[in-house]
């Protein structure tokens, strides 16, 4: 009886020892044979894939059990971001959720760690799900690298349109140095909705112009008569002597509506101008002042014209975590 128990105990120990050795060996093989030993899920279409492509040489680490760290590589002469080997580039595969990240060794930010937040959204619309399954979001981080980026011609890649043409600029870097934050919202624009919006805006502008023409005529008539009406007690009683004030207000309101509609038309047309593949419904866009209404929540404004997939916020808050160890050598938490 004791022998049987002893045999079972030895067998159990043997199994445990075998599993431990196998696990260590597998970990060693992954670490030795792959530049991304902690990255997985390249074929998992339920995850959003991010690819950091600038500034070259910087290292990006994402904290989210476990912390992964990749270096941004330099692309070839053609500069495309299609797959060569995932281990060669700074690629992360993230499920919906919020992640902390940092990057180091950026041009203009030497010996500095810059921290940020990645908020990966769940996709609901079919065009956003199609993008999430089949494509990735290329991300350019603020740095002095913008000084080397050519600004000739329009960027097909939809960071910014012809008015700006450079995805990262000096303002981004200066804001970080002064303690501000940089926020970029990546969304898939609903091109079908955008096309309908453009047509409706053009129709609305015609109607508003005619209403403004009528309001201006009534204002001129009321303004010409108000001096006579002020001497008429009945006109004063019925407030007819103030009729021109109401028409003035309506005229200004119509002018403001025309300005707002024109601005909305330009923003929507900017999205459609960036679409060079006309047989699809959704296109990747980054929310900028050229495509969304200013002074609004960028996420909400982007959701009005599509579906948000990623919100990236970068700031200068001191956090000190993760690898690689590029924090100040004297730092002791």
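Bear in mind that the values in this text are calculations on the coordinates, not laboratory data. What you are looking at is a predicted structure, and each value in this text was computed from that prediction instead of being measured.
Report the relative contact order of the range 193-311, percent, no decimals, based on alpha-carbon pairs under 8 angstrom and at least 6 residues apart. Present the calculation step by step, with values, prior to reporting the outcome.
Working: 85 pairs, mean separation 35.0, N = 119.
Relative contact order for the range 193-311 comes out at 29 percent.
Rounded, prolate or oblate: which fits the range 183-224 when a ≥ b ≥ c are the square roots of the eigenvalues of the alpha-carbon gyration tensor, with rounded for a/c under 1.5 and prolate only if a/b beats b/c?
Here the range 183-224 falls in the oblate category.
If you stretched the chain out fully between residue 225 and residue 262, how much longer would it get, using 0.36 nm times the residue separation minus the C-alpha to C-alpha distance?
Details: separation 37, 0.36 × 37 = 13.32 nm, distance 3.37 nm.
Going from the current span to full extension adds 10.0 nm.
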